[in-house]
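Right, one structure below, let's go through it.
The values are calculated or read from the model by the stated rules, or taken from the named source; none is laboratory data. This one's a predicted model, so the numbers in the text were calculated from it and none came from an experiment. All Cβ positions, glycine included, derive from the backbone under ideal geometry; neighbour counts span all protein chains shown.
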Amino acid sequence: MKLNSLYTYVLFTGLVFTNSAFAQLVETINPLEKRLDGLLAKMSTQEKIEQLYYLTDGNKRLNIPQFTGSDGPHGIGNNAKGYSSFPVTIAMAATWDPNLITRVGRAISEEQAARGKDRIAGPTLDMLIDPRIGRAPETIGEDPFLGGRISSAFILGQNTTSVFGSVKHYNLNTYEINRRTNDYLSDQRSLVEFWGFHWKRSIQFGGALSVMCAYNWVNGDKCAENKYMIKNLLRDLWGFDYYTMSDWGGFKETGKALNAELDFCEGNDLYIKELPDGVKNGIYDISLVNRAVRNVLRTKIISGMMDGVPVTPASMIDSKEHRELVYESGLKGLVLLKNEKNILPLDKNKVKSVALIGPNVTELPLDGNSSSKVLPSYQISVENGIKTILGDDKVVYAKGCNINDTDKSQFDAAIKAAKEAEYVVFVAGLDKTIEGEGYFINKEADENGGGVLSRPDRPSQTVLLPGMQNELINAIAKVNSNVILVVVSGGTCSVTPVLKNVKGLLYAFYPGQEGGRAIADVLFGNYNPSGKLPATIPKDDSQIIPISTDFKNMVYKGVGYRWFDSQKLTPEFAFGAGISYTTFEYSNIKINKPKAKVGELIEVSFDLKNAGKTVGEEVAQLYLSTGTILPALAMPTKQLRGFQKAALNPGETKRITLKLTPEELYVYNEKTNSYQVPQGDYIVQVGGASDQLPLKASFTLAAASPKPDLQVVNIRTMPVFPKEGEPVVFMASLINNGTGETKIGDDHIVHFYVDGKEVANYYSKSISIPVGGMEQTCAQGLDNKNWIATAGKYTITAKVEVPKSKDLIKENNSCEGQLSIPNGKVIPTEISKFIQ
């Protein structure tokens, strides 16, 4: 941007700021797009097409590197050996701890960088519509709000490194049976407001650089050929302008895919075979190819691939620090669900003997069977974890039964061991033979139609513990009343048939290679459990939403707790449940504006007290309900709209404040095809689980004129890792999470500062940002001179300039990051504080 006249003054923030009220502003010439123009001008049609195919997207003549990577939602997959195996995605969700998961995303990406790769297929944003689906371990749980916070945190961690993620599987990826041919039917509102909520968050606030399309169909089109899903939602509404890719061979029609804005072809050769002659003969428009190439190259530039990245040492792989992070993340995702007569924690100095029984005692499952499975250098079983604490002499082992068969030949030995022991720890659950990717489908039939979706993926066909596990647990309980049940799985398992016969119940979603150590530390009180369920546990199969391809009206009919609420069902364990070795009390709820206008910030504050005698962490959860609203849309009974994990000492009280911005209140109005905040009556409930909400308050929103709310996030630079002497271009994402759109002709201004001094700015009147939308801003240096990198550590600030009368929430108009030169990239300041 060029300023014809300058007037500067120092804001109270200390930023030297150009006051545009006294300047004539000129439309910014986007340096990134100008660079892309130059690259495309140098490329032949064949070279452009080669950028869209996974075996040819490197170009030595133009120094364009090829994408390299592997699966990696919870560690380096695709049969790579010796890498850290972190908890699976649903276990990450069970921590309810975004900052922790940011560290996990960073660590996994560091290991990928250390092997010279630049991309990870992950995180996975699939929803757990049914606990019996094959890829349940890879899901983000059943709730899009929780899923959005956890997945965006993981992506933010990835983005502190030189590795980026291809977020998958967009969208509605659920059942494995007929996964390539299932055509899921959905209304627009559900696609945006329910299925799309966590995708929007991950793209906009997480800063995702790639999206992988799912195998399935939505409303008559394959996801990779679905124009509404890719162009209308992903690009035009949410503002995503990096590259989209197919899952392995996940489309069949080149023309439909290209027109839908699928950029990159992986796992088949349709683009590279059909586009050269198709473009030449006028079958396919070269402008569509150019658009796709721009998206691919834009990603290669913004990820750092084009300009070089620092070398990550091989010592990062399976390092001591990463092993401890595996342990911590596994530990904090363990969920205590029953503790009758305070049987837990066990006292290692008083315990006389423990019988370890069950199919998951000696080998801890790390995942279902999938391309994302990790092969670590070691793993700690529950047996090893307990023996490390208790010693070998006090522990006896008897397997008792297998995971999923009818063999009872080992029952007698197990019952004898239980009878002679003081305590029984029964380690039950699932493993890779029971859940996984594409593991139980007829691939040929699936490719050619697959048949009718009529049964669960899980071979046992039930949410109950499979095989003879329930029968053996009940038999053991008859000879020993001190049974502690540990369930290890990805998809949840109902324990209703045995629940009354066990005194303790600890749920462990596949917790990673250090999982046995983590489980033992919880059982023996070395750590007070703090995990919460990311998915409802039903009593039996009858409580699960019927298997169908009809996914309409999911906003209020929903899955998980939404389904249980709408059907007035009581589950065995509710979403968000999880108890502790201490107790917590909630009190003194207050809303800052009980009578507010649409668009105003609502703050819900309350006291959280540790009323017990043990240090503990609690996840305070806020659920939102509606009374009479306008527009009069059907709404869920309640939905999660805020949470915070807090550590408290015995007797300590903390004041917790959870904020409800317009984004938390959005509905999608199909009549206007836009996000909207309804006016009317709202009820908030706060507590430690979706069925334990002791606090309640209400507020009313009155009609108000629509206003944007511009937020600036994710500062980036070009080059991504600046070297001394290089000119630096600054960029950031500009999100409009207000109640009104910005329009063409409005001023869109972002200023960039280095250590408080303005170095670049962005100005445009030619763009508009819809409600809930995003624009990538790319600034020009002041007087057309870019800042030159020199060695040192710098604070980078991006600030939106917008009149107060035209913006809802001024507090979110700026963001800050830290940049170290050389070998560093801009990392958000709040993240830099806890990743070191």
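With respect to the stated conditions, Asn349 is in a loop (DSSP other than H, G, I, E, B), on the phi < 0 side of the Ramachandran plot and without any contact (Cβ under 8 Å) to a residue 12 or more places away in the chain.
Annotation: of all residues in region 76-108 being closer than 24 Å to Thr244 by Cα and more than 15 Å from the chain's Cα centre (by Cα), the one that is surrounded by the most Cβ atoms within 10 Å (Cβ to Cβ) is Ile76.
When Ala697, Ala646 are checked against the criterion of being of a type in the set (A, V, I, L, M, F, W, C), under 22 Å from Asn99 (Cα atoms), outside any loop (DSSP other than H, G, I, E, B) and modelled with pLDDT of 95 or more, a single residue qualifies: Ala646. When Gly69, Gly58, Gly75 are checked against the criterion of being touching an Asp or Glu at 6+ places or on another chain (Cβ under 7 Å), of a type outside the set (S, T, N, Q) and modelled with pLDDT of 95 or more, Gly69 stands alone in meeting it. Out of all the residues in region 369-390, which are part of a loop (DSSP other than H, G, I, E, B) and either modelled with pLDDT under 95 or β-branched (Val, Ile, Thr) (or both)? Ser370, Ser371, Ser372, Lys373, Val374, Ile380 - these are the residues of region 369-390 that are part of a loop (DSSP other than H, G, I, E, B) and either modelled with pLDDT under 95 or β-branched (Val, Ile, Thr) (or both).
Residue by residue, here is whether (1) touching a helix residue (DSSP H, G or I) at 6+ places or on another chain (Cβ under 7 Å); (2) among the aromatic types (Phe, Trp, Tyr); (3) crowded, with 18+ Cβ neighbours inside 10 Å holds:
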position: Ser530; (1), (2), (3): no, no, yes
position: Thr536; (1), (2), (3): yes, no, yes
position: Ile544; (1), (2), (3): no, no, yes
position: Met554; (1), (2), (3): yes, no, yes
position: Leu569; (1), (2), (3): yes, no, no
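Annotation: Phe197 fulfils all but one of (1) touching a residue at least 60 places away in the same chain (Cβ under 8 Å); (2) within 23 Å of Gln644 (Cβ to Cβ); the unmet one is (1).
Right, Thr174: assigned to a loop (DSSP other than H, G, I, E, B) and farther than 30 Å from Lys539 by Cβ or not? No. Might you check whether a residue that is free of Cβ contacts under 8 Å to residues at least 40 places away in the same chain and touching a Pro at 6+ places or on another chain (Cβ under 6 Å) occurs anywhere in region 489-502? Checking region 489-502: not a single residue is free of Cβ contacts under 8 Å to residues at least 40 places away in the same chain and touching a Pro at 6+ places or on another chain (Cβ under 6 Å). The listed residues are Phe606, Phe573, and the only one of them that is buried (at least 17 other Cβ atoms within 10 Å of the Cβ), more than 21 Å from Gln676 (Cβ to Cβ), more than 25 Å from the chain's Cα centre (by Cα) and not assigned by TED's automatic domain parsing to the domain that holds Asp143 turns out to be Phe606. Before we move on, is Gly330 assigned to a helix (DSSP H, G or I), in contact (Cβ under 8 Å) with a residue 40 or more places away in the chain and touching a Gly at 6+ places or on another chain (Cβ under 6 Å)? Spelling it out, Gly330 is indeed assigned to a helix (DSSP H, G or I), in contact (Cβ under 8 Å) with a residue 40 or more places away in the chain and touching a Gly at 6+ places or on another chain (Cβ under 6 Å). Check whether at least one residue in region 591-606 is of a type in the set (S, T, N, Q), touching a helix residue (DSSP H, G or I) at 6+ places or on another chain (Cβ under 9 Å) and under 30 Å from Asn813 (Cβ atoms), and report yes or no. The answer is no, given that none of the residues of region 591-606 is of a type in the set (S, T, N, Q), touching a helix residue (DSSP H, G or I) at 6+ places or on another chain (Cβ under 9 Å) and under 30 Å from Asn813 (Cβ atoms). For the structure I just gave you, tell me whether Glu741 is in contact with a strand residue (DSSP E or B) (Cβ under 9 Å, 6 or more places away or on another chain), assigned to a strand (DSSP E or B) and of a type in the set (Asp, Glu). When the stated conditions are applied, Glu741 does not pass them. Residues in region 412-432 that are in a loop (DSSP other than H, G, I, E, B) and either among the small types (Gly, Ala, Ser) or out of contact with any Pro (no Cβ under 6 Å at 6 or more places or on another chain) (or both): 4 in all.
For region 130-146, the set of residues classified as buried (at least 24 other Cβ atoms within 10 Å of the Cβ) and outside any loop (DSSP other than H, G, I, E, B) consists of Ala136, Pro137, Glu138, Pro144, Leu146, listed by residue number.
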